[in-house]
Each structure stands twice: as C-alpha cells, then as structure tokens.
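See below for the structure under consideration.
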Amino acid sequence: MRRSDVSRRQLVKLAGAGLVLLGAGASACGPEDEPVATGPDGPRPSTPTPESKPKPSWQHASTYDGLAWIDAVAVVGNVVLVSGDPLVARDISTGKEIWSRAEVTTPGATMLVGDGTLYLQSARYDGNIVGLDAETGKDTWRSHMGKQYSQPRPIAVDTNRLYVVAGILDEEFRTPENVIAAIDTTSGKVLWREKRDKGTEENGITARVAGRRLVYTDFRENLTVRDTVTGHQIWTKKIGRSNNRGFVVHDGLAILANGQRMRAFDLADGKERWSFKTEEFSRFNDPAVLDGVLYVSDSAHGLWAADPATGKAHWHDKGSLDVAAPWQFAKVGDVLYGATEFDKDGGIQAYDPSNGKLHWTYNDGSGDLQRWYLAAGSNQLVALHAKKVTALPAG
C-alpha cells in the first residue's frame, strides 16, 4: 500500500461537549470578515506591525464538533485541516475548499499527520485505520489489527510507524485490557503490540515520538516511555493527577506541566532533570518549545520563557493578561502567538517573545466560551473557535 484551572465554566463546557451531535454545525460559507487585500486568487494577507491587531485574511463556518482532545486543526503545507464531519480541507492562502469528506472518521478525531498522510480511525468502527492524502482527501492507506481488537485509535506517527491503542475483546466483547501497537506506514502490517498495565485506560492518551522513544501520558496520570522499534517499555512512573493533556519532547527530555511545577524527565532513565514552580494557588498550562525556548502560561495569567535544557527562566511576565492565558503556542517570524481557552474575551494573542509583552488579542466576537485552537503556516495563523475557522496574517 502507498504511504502517501479547570473552572466551573470549563467543567460545564466540557460536560456539554458530549451532547454535541456530529455534523450539527453549519456547512462552510463565504468569508464573514472583509480581507485586508485581494488578488486574483482571493484574499491576500497583509502582515500587521506587532502592535496592530490584524484583520482576518479569510473566515468560514466549520463543522467542528467540539470533541477533539488537543489537535483539532492542522496545517500541512498549504492545506488547513479541521476536525469535524464532513472533514474539510482549505487552502491556507485563500480559504477556498479543496476537498470535503463526510462520514470518514469518528467524532473528536485528532488531526494526526505524518509525511503528508492524515491517519484516522474509521467512521464505521470496523477496526480499520485509514490514511488520507492531506492534499487531495483520497484514501491512500489502510490497516486492520485483527478481530480480537476493538476500535484502534492513532496516537502518534513518525516516518516509519503509526502508533495506536486498541481494546482487547474478551468472551463477552468487553475490553478490560488494552494494547499499544506500532503499524508499518508502508505496508500496514503490525510490527509489534504490547499489552498495557492493568487499570490503564484507552482514552485520554497524549503521545509524542522522539527518535527511538515513544512517550505518552494518560488519564491515570502516568508518564511512560517505550522503544519505538521493539515496543519494550523502558520506564513508567506516576506523575500525579494534575497532568493528562499536552507536553513536549525536546533534546532527550519530556517536559510537562504537573500542577504548580514544570518538570523535565530524562527519556533514557526517567530521572527528573529539573523543575520550576509557579505562584501559590496557580497551575501551569500546556508548554511548547519554539526556536529553542520553552514557553508556558499559568492560571494566574502569567507567561514564562525558559531554557528547556535547564529550566532556567529567561523571563516571567506576572499576570499581565486581562483574559485567560494561552494553552497553545506558535511562533511566526519574530512574534509569539497563543490561543486561550474558556473565556468569551479570549482569543488569539500576540506577544513579544523577548519579554512576554502582549501586543494584541484577536476575538471573533461570538462570545462562545469554547477553547481556541491554533496552527501556523509560513505567514498565516489558523485559528479554530467553536464554529469558525479564521486565518490571520502573521510574522
């Protein structure tokens, strides 16, 4: 085959997400904001100065269902992919629809892309994992682990392997245990499968790959490292109930938010290499490493920049943000961008990466409390919020 601090508002919103029906959103429509400039191929971005708030290059309704865990939007070359049904791909420059696929995957699908292929659990719940060409939307790859496994879900991908988690069916078709497996991204064959520890859950897994290390966390708040070639579990450890979402792997370290602390663990042996603490009664959000700098915010509306190798702070902007702090970051040119969550006045924020100064906040005016998602292209930001996907000039 060809490889081509959880607040009361937040809890209410998360609980409500389970009631959202797949495909209930409006279909794609024309731009809702005037573009800064136009050309023969449609809207053309005009990069703002750091202090000036940009106008959208384009904006469309989306079919996003509100169920994606972390990666609800992705940029692959010149293609923007947004989780939803139908699954829609747009041109990042013009916003024009490139392709659309209905009933191709399950609700809340993560936009997991490797080497131009988008990997998804089949919408038919038939045990298949499918691969789509991100540029065309056509099927290019398919794999099946076997009838004894239930609902395999992709969690990570590298050049050679797709990593999945699947339930093990018992005689009564229940899944009290589950496996983690690696599938060859060329042939679709299972390379290895390893039974996970009893009591671990199939859902809530966030995974990253670095060389021969597959690193993941889960709802049980474990941090686990496996060998990507053999599947052998190198080490695992409890890291507390406060971490079950995003983390980064950088230069041999797994770096994650653990309540009041940012912590870094050595991928080789699991030893903690450094940590630093935020203010009392505050918690760290998801970190990012961009251009060799660790960026992270906290629930006291503070923003931090640190050396990812040592944890030594470059700067700490204490509570200067008037709205919710960012939980996702991107960097284009000399500007740092962040996407906030669960605040009607939040949105996409732009900062000076040298000191954390806030330049501007873009908000779509919807008043919706759902989190914002962010992805970056070469000179465009793509923001997903509730039922709108918006492109902003960047850099």
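The values are calculated or read from the model by the stated rules, or taken from the named source; none is laboratory data. This structure is a prediction, so every number in the text was calculated from the model and none was measured. For neighbour counting, all protein chains shown are included, and Cβ atoms are generated from backbone atoms with ideal geometry for every residue, glycine included. What goes into the accessible areas is simple: the full protein's heavy atoms, side chains included, and nothing from ligands, DNA or RNA. Shrake-Rupley method; radii C 1.70, N 1.55, O 1.52, S 1.80 Å.
Hey, any idea what % of the range 78-214's accessible area is carbon plus sulfur with a 1.4 Å probe?
Details: 2590 of 6000 Å².
Carbon and sulfur: 43 percent of the exposed surface of the range 78-214.
How far apart, in nanometres, would the label points at Trp360 and Ser275 be if each is projected 7 angstrom from Cα along the Cα-to-Cβ direction?
4.1 nm
Restrict the search to the range 98-138; then list the chymotrypsin sites (Phe, Trp or Tyr not before Pro) that DSSP places in a loop and that have at most 12 other Cβ atoms within 10 Å of their Cβ. Don't jump to the answer; show the numbers that get you there.
Values: sites: Trp99, Tyr119, Tyr125; in loops: Tyr125.
Taking the range 98-138 and a limit of 12 other Cβ atoms within 10 Å, the loop chymotrypsin sites (Phe, Trp or Tyr not before Pro) found are Tyr125.
GluC sites (Glu not before Pro) within the range 179-234: which are DSSP loop residues with at most 16 other Cβ atoms inside 10 Å? All intermediate terms of the calculation are to be shown ahead of the outcome.
Details: sites: Glu194, Glu201, Glu202, Glu221; in loops: Glu201, Glu202, Glu221.
Sparse-neighbourhood loop GluC sites (Glu not before Pro): Glu201, Glu221.
Over the range 262-385, what is the relative contact order in whole percent, taking alpha-carbon pairs under 8 Å and six or more residues apart? Intermediate results must be reported in sequence, preceding the final value.
Numbers: 276 pairs, mean separation 18.6, N = 124.
Computed value for the range 262-385: 15 percent relative contact order.
Would you mind getting the Kirkwood hydrodynamic radius of the range 316-388 from its Cα pairs, rounded to one decimal in Å? Intermediate values should be presented prior to the final figure.
Numbers: mean 1/r = 0.0813 Å⁻¹.
Its Kirkwood hydrodynamic radius stands at 12.3 Å.
Could you tally the net charge around Arg213, taking each other residue with its Cβ under 9 Å from the Cβ of Arg213, Lys/Arg +1 and Asp/Glu -1? Please report the intermediate quantities before stating the final value.
Values: positive: Arg208, Arg212, Arg226; negative: Asp227.
For residues surrounding Arg213, the net value is +2.
Given a 1.4 Å probe, how much area per residue of the range 239-395 is accessible, in Å²?
Values: 5680 Å² over 157 residues.
Dividing the accessible area of the range 239-395 by its residue count gives 36 Å².
Greater than 28 Å separation of Cα atoms is the criterion. Which listed pairs, Lys195/Lys387; Lys53/Lys331; Lys147/Lys195, meet it? Before the final figure, lay out the partial values.
On the way: Lys195/Lys387 39 Å; Lys53/Lys331 16 Å; Lys147/Lys195 16 Å.
Exceeds cut-off: Lys195/Lys387.
Label Lys312 and Asp266 with points 7 Å out from Cα along Cα→Cβ: what is the distance between them in nm?
My value for the distance between the label points is 2.0 nm.
Show that you can apply the helix-only estimate: for the chain, add -39,500 (n - 2.57) for every DSSP H stretch of four or more residues, divide by all residues, and state [θ] at 222 nm to the nearest 500.
-500 deg cm²/dmol
Val104's amide H: which non-local residues (gap 5+, or another chain) put their own amide H closer than 5 Å, with H modeled 1.01 Å from N in plane and none for Pro or chain starts?
HN-HN under 5 Å from Val104: Leu87.
Based on DSSP, what percent of beta bridges with both residues in the chain are antiparallel, to the nearest 5?
Numbers: 119 of 119 bridges.
So the antiparallel bridges amount to about 100 percent of the total.
Over 23 Å, how big is the tail of the calculated P(r) for the range 80-189, in percent of all Cα pairs?
On the way: 1717 of 5995 pairs.
Tail fraction, whole percent: 29.
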